[in-house]
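See structure below.
The values are calculated or read from the model by the stated rules, or taken from the named source; none is laboratory data. It should be emphasised that the depicted structure is a prediction, and the values quoted were computed from it without experimental measurement. Cβ atoms come from the backbone with ideal geometry, glycine included; neighbour counts cover every protein chain shown. Only protein heavy atoms, including side chains, enter the accessible area calculation; ligands, DNA and RNA are left aside. Shrake-Rupley method; radii C 1.70, N 1.55, O 1.52, S 1.80 Å.
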Amino acid sequence: MLALTKATYAGQNDRWFSFDLGHGFELRLAVLEAGLARVVMRRHGAYRLDRGWSIAPNRSEPGFAGRLRDDLSHYQHVPCTAEAKGQQVVIRGGGLRAVVRLDPLGISWFREGEAEPFLSDRATQSYFHARHAGGFRHFTARDKAERHFGVGDKSGPLDHTGRRFLMDACDPCGFDAETSDPLYKVIPFVIIEGAQGYHGLFYDNLARGALDLGAMIDNYHGLFRYYEAEDGDLDYYVLSGPSLADVATRFSWLTGGQALPPRWTLGFGMTSMALADATDADAKIAEFVDECERHDIPCRSFHFGSGYTMRAGKRYAFAWNLDKFPDPAASLAWLHKAGLHVVANLKPCLLDDHPRFAEAQGQGALVRLKGTGEPAMAQFWDGMGAHLDFTAPQGRQWWQQGIVTTLLNPGIDTVWNDNNEYEIHDEDAVCAGDGRPFSQDLARAGQALLMTKLAYEVTAAQMPGRRPFTITRGGAAGLGRYGQTWSGDNATAWKTLRFNLTQGLNMSLSGMYNIGHDVGGFHGPPPGPELLARFVEFCGLWPRFVMNSWNDDGTTTTPWLHESVLPQIKAVMALREKLLPTLYTLMWRAAAFDEPVVRPLFYDFPADRAARDVSDAFMLGADLLVAPVLEQGEVTRRIYLPQQEGGWYEVDGMRHHPGGAMAEIDAPLGRLPVLARAGALLAMAAPDGLDVLVVPGPAVAEGVIYLDDGSAAAWREGAGLEVNLKASHAHGQVRIEVAANGAHVPDQRGLRFILPKGATVEISNDSPLAASAGA
């Protein structure tokens, strides 16, 4: 590779500051908004791929053709200046100062008013590019005390320091949540914690590559980290922080934000390979629904695995097996009558013997080979096949027609986009690119993103006035704006609990807020009674709560798999149902304000040094700390509770614990340790309305509850109702103020405030909800 070590300042063009690197290369820098900057490299004035699909600032949804790399719209313009000083150029704007060293080339980033940079290219040879191909590397200096988070769905401990991750995707069924790599998503975004707080670094490139966070050391260069790619464009964003919340929310904003899911998606859902794969699948699914009723399990959705399309061991998209499901519409109507929403698995690869393969090929719907125009064949689950090309209008039209006629019209509610990692390894594979073809190697994960976008838009068009919902396994940064994802096909093992937790926290810090894990473990032996119960507890308060399995012995993991722990499992499900109003409000906050729902303790307690070391618990919003049991045989849970005025209270029983200290919580099977921050106002479901648990606390506490009809598409235009609460504590009396804004007329009978023991109350109510006090 060619080391690009010398630069000449070429001046400012529009909002870009340009540097000539020689050999036909140009480096351009722009400050986009306060605390947000960007650096791109072009060769001979052009990009390898001049567009992308992840960037969508301020929810500016890109079209299927993508957003041009040179597009700087939807950012707030900030005034910038450049001053050349000998061998450096200092660029100022948006609270940032970028010092560009010309020889050897390197950029140091400062927050205005700070003497030390928060991010610097390494001092020696920071930029490399292949002389004749598209590969490149970018090196930044690393301090040994820095920590690293994010990077999408990567495995292992919460702090990624010392790891090297492949920026690639595959189908790692039964993956080891501690060590496996790569997994399903390509998100080269890292959050770095250093001496001056947090900052983020996002590489907007979807070609295969790697992100090294300290695995490699080289005596010639000092400590460093680097991103490399086999192809594509060096195009990186600097998010200056300085808080973790600043970086995480800004990244969500930069990549289009979060979809607000329909309320039903937060309920317990069920799927299993064994159910839909069975020869008598229709009867097996009906039996499952009957068992839910018999055991009083509150199941809200059933997710059809791909077995509904399976014949002779092969799966064919959009082709119901009518021997197993003689009347799909009738089967789906029965499930709806039973109170379940229905989701269908869909895979983007057509096997070579698919009954409609020739039709899709003839319409130009498939990824093709350069030169011959033949489909780019690749190994898939059941054989060789060709993938849909979602950059081809005719491919999208063919897929849309299949979704509508085969799934939505008979009664499917939405699509679960699965096995969409696009493992096409032929370098001659090309995408149509909406009339401007490009190599498939440049954007495999982009296909998964567009597949999910299409499902989202098609379902939205079929249900005007209601919020669409989709699920995807694969994808790239920006998938949160379409719906839900999960950690993938996890192994049924005890250590999965611990490392799915850290994996999920890093997913959340990477812009994926609507997430969860396969309850019970997906692949391996069926879980024993204790592991099943602990899995339900661990997964019980993540946004996605779906039980999914492909057990070695062919059995299906269900809540009643082990009758001995069914009461404990039902207790956790009852807790989730009780906290659904709080969880729904947190999902609204995620969509409205880009706040992660699940986050590490140090997100909310940045000044507490001890909280930095906690990676076996998580915050659910700002007010709830969840500490699931992660080890076999334990019946208590020791957990550090961050320093907090008034301490913490166990939600179950209101036992008090001081902050800034270790606590030991009783945790027999079925009791998930959940602690509320002192002063929290927690919305809880009640048979006759909503309860609000008033947790004892500081003098003044505030909270909000979001209500709507559960699916209103116009929620951003005020179709919901924001209920704002304020509680003032003094001398054993609580004064509660209730106010509301929004058009929604709630069907809840009212708010009942559950007060601290012995407290009296005065309520001032300016909302359409009745308000009262209760025990």
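What is the projected area of the convex hull of the Cα atoms of the stretch 367-421, averaged over all directions, in nm²?
On the way: hull surface 19.0 nm².
Mean projected area of the Cα convex hull: 4.7 nm².
Can you give the log10 of the normalised intensity I(q)/I(0) at q = 0.25, 0.30 Å⁻¹, computed with Debye over equal Cα scatterers of the stretch 42-83?
After summing over all Cα pairs, the log10 values are -0.91, -1.04.
What FRET efficiency, computed as 1/(1 + (r/R0)^6) with R0 = 56 Å and r the Cβ-Cβ distance, is obtained for Met662 and Lys370, rounded to the nearest 0.05?
So the FRET efficiency works out to roughly 0.35.
Can you give me the accessible area per residue for the chain, using a 1.4 Å probe, in Å²? Spell out each step's value before the answer.
On the way: 26530 Å² over 775 residues.
Here the per-residue accessible area is 34 Å².
Hand me the trypsin sites (Lys or Arg not before Pro) from the stretch 704-775 located in a DSSP loop with no more than 14 other Cβ atoms within 10 Å, in residue order please.
Hits after loop and neighbour filter: Arg749, Lys757.
Mind giving me the FRET efficiency for Tyr220 and Ala82? R0 is 35 Å, r the Cβ-Cβ distance, nearest 0.05 is fine. Could you put the intermediate results ahead of the total?
Working: r = 32 Å, r/R0 = 0.90.
With a Förster radius of 35 Å, E is 0.65.
Cα centroid distance between the stretch 610-650 and the stretch 462-507, in Å?
For the stretch 610-650 versus the stretch 462-507, the Cα centre distance is 23 Å.
Enter the accessible area of Arg163 (Å², nearest 10), with the probe set to 1.4 Å and all protein chains included.
Using a 1.4 Å probe on the heavy atoms, I get roughly 50 Å².
With a/c under 1.5 counting as rounded, go ahead and sort the chain into rounded, prolate or oblate using the C-alpha gyration tensor (a ≥ b ≥ c being the square roots of the eigenvalues; past the cut-off, prolate if a/b is larger than b/c, else oblate).
Working: a/c = 1.72, a/b = 1.16, b/c = 1.49.
It is oblate, given that a/c is not under 1.5 and a/b is not larger than b/c.
What pairs from Lys495/Lys578; Lys284/Lys314; Lys347/Lys495; Lys337/Lys453 go past 22 Å between their alpha carbons? Could the numbers behind the result be given before it?
Working: Lys495/Lys578 29 Å; Lys284/Lys314 20 Å; Lys347/Lys495 29 Å; Lys337/Lys453 29 Å.
Among Lys495/Lys578; Lys284/Lys314; Lys347/Lys495; Lys337/Lys453, the Cα-Cα distance tops 22 Å for Lys495/Lys578; Lys347/Lys495; Lys337/Lys453.
Give the calculated FRET efficiency between Leu322 and Asp553 to the nearest 0.05, with a Förster radius of 25 Å applied to their Cβ-Cβ distance.
0.30
List the equivalent ellipsoid semi-axes of the stretch 677-775 in whole Å, largest first, each obtained as the square root of 5λ for an eigenvalue λ of the Cα gyration tensor.
Working: eigenvalues 124, 35, 25 Å².
The three semi-axes for the stretch 677-775 are 25, 13, 11 Å.
Under 1.5 on a/c is rounded, so check that first for the stretch 1-102, then, if it is not, pick prolate when a/b is larger than b/c and oblate when it is not; a ≥ b ≥ c are the square roots of the alpha carbon gyration tensor eigenvalues.
On the way: a/c = 2.62, a/b = 1.27, b/c = 2.07.
Judged from the Cα gyration tensor, the stretch 1-102 comes out oblate (a/c at least 1.5, b/c at or above a/b).
By how many nm would the segment from His132 to Thr279 lengthen if fully extended, with 0.36 nm per residue of separation less the alpha-carbon distance?
Working: separation 147, 0.36 × 147 = 52.92 nm, distance 5.47 nm.
47.5 nm is the gain from fully extending His132 to Thr279.
Expressed as a whole number of Å, what is the distance separating the alpha-carbon centroids of the stretch 547-593 and the stretch 201-250?
Distance between centres, Cα-based: 36 Å.
Using the Kirkwood formula on the Cα atoms of the stretch 323-463, what hydrodynamic radius do you get, in angstrom to one decimal?
Working: mean 1/r = 0.0632 Å⁻¹.
Kirkwood radius, the stretch 323-463: 15.8 Å.
Dividing the Cα radius of gyration by the Kirkwood radius, what Rg/Rh value follows for the stretch 92-212? Working shown, then result.
Values: Rg = 16.1 Å, Rh = 16.1 Å.
When Rh is taken as the Kirkwood radius, the ratio is 1.00.
Could you grab the relative contact order for the stretch 615-742? Cα pairs under 8 Å, six or more apart, rounded to a whole percent. List each step's numbers first, then the result.
On the way: 256 pairs, mean separation 21.7, N = 128.
Computed value for the stretch 615-742: 17 percent relative contact order.
Where a ≥ b ≥ c are the square roots of the eigenvalues of the C-alpha gyration tensor, would you call the stretch 231-379 rounded, which needs a/c under 1.5, or, failing that, prolate if a/b is larger than b/c, or oblate?
On the way: a/c = 3.09, a/b = 1.16, b/c = 2.66.
Oblate is the answer for the stretch 231-379, as a/c is 1.5 or above yet b/c matches or exceeds a/b.
Can you list the HN-Hα couplings for the stretch 210-226, worked out from phi with the Karplus curve (6.51, -1.76, 1.60; θ = phi - 60°), rounded to whole Hz and with x for Gly and Pro?
Result, ordered by residue: 7, 10, 9, 10, x, 5, 8, 10, 8, 4, 7, 10, x, 6, 7, 10, 7 Hz.
Between Val700 and Ala730, what is the label-point separation in nm under the 7 Å Cα-to-beta-carbon projection?
1.1
Explain nothing, just the number: relative contact order of the stretch 36-180, from Cα pairs under 8 Å at least 6 residues apart, as a whole percent.
Working: 164 pairs, mean separation 13.8, N = 145.
With pairs under 8 Å counted, the relative contact order is 10 percent.
So if each residue of separation counts as 0.36 nm, and I subtract the Cα-Cα distance between Glu116 and Ala607, what length gain in nm does that give? Spell out each step's value before the answer.
Details: separation 491, 0.36 × 491 = 176.76 nm, distance 2.06 nm.
Extra length available between Glu116 and Ala607 comes to 174.7 nm.
Between Leu2 and Gln379, 0.36 nm times their residue separation minus their Cα-Cα distance comes to what?
Working: separation 377, 0.36 × 377 = 135.72 nm, distance 3.52 nm.
Length gained between Leu2 and Gln379: 132.2 nm.
Test of the criteria: in the stretch 30-134, which trypsin sites (Lys or Arg not before Pro) are in a DSSP loop and have at most 15 other Cβ atoms within 10 angstrom of their Cβ?
Details: sites: Arg38, Arg42, Arg43, Arg48, Arg51, Arg59, Arg67, Arg69, Lys85, Arg92, Arg97, Arg101, Arg111, Arg122, Arg131; in loops: Arg48, Arg69, Arg122, Arg131.
Filter output for the stretch 30-134: Arg131.
Restricting to the chain, what percent of DSSP beta bridges are antiparallel, rounded to 5?
Beta bridges within the chain, antiparallel portion: roughly 75 percent.
I'd like the distance separating the alpha-carbon centroids of the stretch 93-146 and the stretch 57-86, in whole Å.
20
Would you calculate the separation in nanometres between label points at Thr405 and Arg147, each defined as 7 Å from the Cα along the Cα-to-beta-carbon direction?
With each label placed 7 Å out from Cα toward Cβ, I get 5.5 nm.
With every protein chain present, what accessible area does Cys299 have (1.4 Å probe, heavy atoms only), rounded to the nearest 10 Å²?
10
Relative contact order (percent) for the chain, with alpha-carbon contacts under 8 angstrom and 6 or more residues of separation?
Once divided by the residue count of the chain, the mean separation gives 10 percent.
Return the carbon/sulfur percentage of the accessible area of the chain, one whole number, probe 1.4 Å, all protein chains in place.
50
To the nearest 500 deg cm²/dmol, what mean residue ellipticity at 222 nm is calculated for the chain from DSSP H runs of n ≥ 4 alone, each contributing -39,500 (n - 2.57), summed and divided by the residues?
Numbers: 11 runs with 134 residues, N = 775.
That calculation yields -5500 deg cm²/dmol at 222 nm.
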